[in-house]
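The values are calculated or read from the model by the stated rules, or taken from the named source; none is laboratory data. Note that the coordinates shown come from a computational prediction; the quantities given were computed from them, not determined experimentally. Heads up, the Cβs are rebuilt from the backbone with ideal geometry, glycines too, and the neighbour counts pull from every protein chain shown.
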Amino acid sequence: MARETDKIKGTIGYMSQKFSLYDELTVDENLLFYGRLYGLRGDALKKRREELIALTHLEPYLERRAALLSGGWRQRLAMACALVHKPIVLFLDEPTAGIDPVARRELWDLLFELSSNGVTLFVTTHYMDEAERCSHVGYIDMSKLIVCGAPDDLKQLPEVNPPGTKRLDVTCDHVTIALQTVRKLPGIRNATVFGQSMHLLVEARLPEQAIRDALASLGIHEIDIRHIAPSLEDAFVALTARNGGQN
């Protein structure tokens with residue numbers, strides 16, 4: 001890194017969380033500007049510009065100023081500029097922060113396409129569903145890397161699966177009200193709302209009927225309980241708690 005800085009710059013791309021291109025330039029002007037920064041000229045620049053437009057589908061917005069793009073299209077433009085020199089490693093800092101769910105999904109489709117073409121992606125994210133899509137995940141707590149591995153391996157760590165416990169998904173009506181009652185039951189180690197369900201970490205000896213009885217006392221009788229495996233979010237919470245409860 002210290003001795004061959006210029007060489008390394010040619011092999012990596014970086015897309016920052018905050019849009020850092022030129023708002024006063026159009027999409028096309030930004031693409032051409034960054035292409036020239038990396039030494040592209042003439043036919044080589046024209047060809048790479050066309051490749052990036054096809055990859056990111058930016059063609060309808062080429063003459064629009066970057067400041068007038070939506071969040072999703074600004075991210076596509078930022079990615080196109082980060083890829084202009086064909087890096088083999090792409091660093092993405094919170095790439096989907098602040099964009100709508102549709103744009104977020106489309107951006108990940110684009111990332112998968114890049115990955116399939118041999119580009120290594122290094123992504124920072126707070127969204128655990130995005131982390132699930134990665135081949136390897138590292139958790140950073142208080143600036144320290146506390147664990148790194150494949151998602152399935154992290155979910156099997158002892159800290160995530162304490163001996164003598166099980167994880168349950170409990171689906172019922174009025175889940176936020178039910179949560180307060182369930183948390184008071186003996187044998188409940190952790191309980192959180194997950195969509196229309198509760199995810200519980202409970203002692204293995206706790207009978208499911210105890211949960212049903214507690215909810216029945218609230219007038220809730222339509223209850224579905226099933227065993228589940230831990231998620232990456234569960235792993236993150238457990239590992240953070242092990243390291244002092246800060247993240």
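As for segment 8-15, it holds at least one residue that is in a loop (DSSP other than H, G, I, E, B) and either assigned by TED's automatic domain parsing to the domain that holds L111 or on the phi > 0 side of the Ramachandran plot (or both).
Reported count of residues in segment 16-36, each being among the hydrophobic types (A, V, I, L, M, F, W, C) and part of a loop (DSSP other than H, G, I, E, B), is 3. Taking (1) at pLDDT below 95; (2) within 22 Å of F236 (Cβ to Cβ); (3) not in a loop (DSSP other than H, G, I, E, B) in turn, H126 satisfies each apart from (3). For segment 190-210, name all the residues that are surrounded by 13 or more Cβ atoms within 10 Å (Cβ to Cβ) and either closer than 18 Å to P162 by Cα or touching a helix residue (DSSP H, G or I) at 6+ places or on another chain (Cβ under 9 Å) (or both). Scanning segment 190-210 gives N190, A191, T192, F194, S197, M198, H199, L200, L201, V202, E203, L206. Taken together, L55, L37, L21, L45 contain a single residue that is at pLDDT 95 or above and assigned by TED's automatic domain parsing to the domain that holds A80, which is L45. Given the criteria of a type outside the set (A, V, I, L, M, F, W, C), in the same structural domain as T120 (by TED's automatic domain parsing), surrounded by 15 or more Cβ atoms within 10 Å (Cβ to Cβ) and within 19 Å of E106 (Cα to Cα), does R76 qualify? For R76, the condition - of a type outside the set (A, V, I, L, M, F, W, C), in the same structural domain as T120 (by TED's automatic domain parsing), surrounded by 15 or more Cβ atoms within 10 Å (Cβ to Cβ) and within 19 Å of E106 (Cα to Cα) - is met. Might you let me know whether segment 135-144 holds any residue that is surrounded by 15 or more Cβ atoms within 10 Å (Cβ to Cβ), under 22 Å from D93 (Cβ atoms) and at pLDDT below 95? Checked against the condition, which is being surrounded by 15 or more Cβ atoms within 10 Å (Cβ to Cβ), under 22 Å from D93 (Cβ atoms) and at pLDDT below 95, segment 135-144 yields at least one hit.
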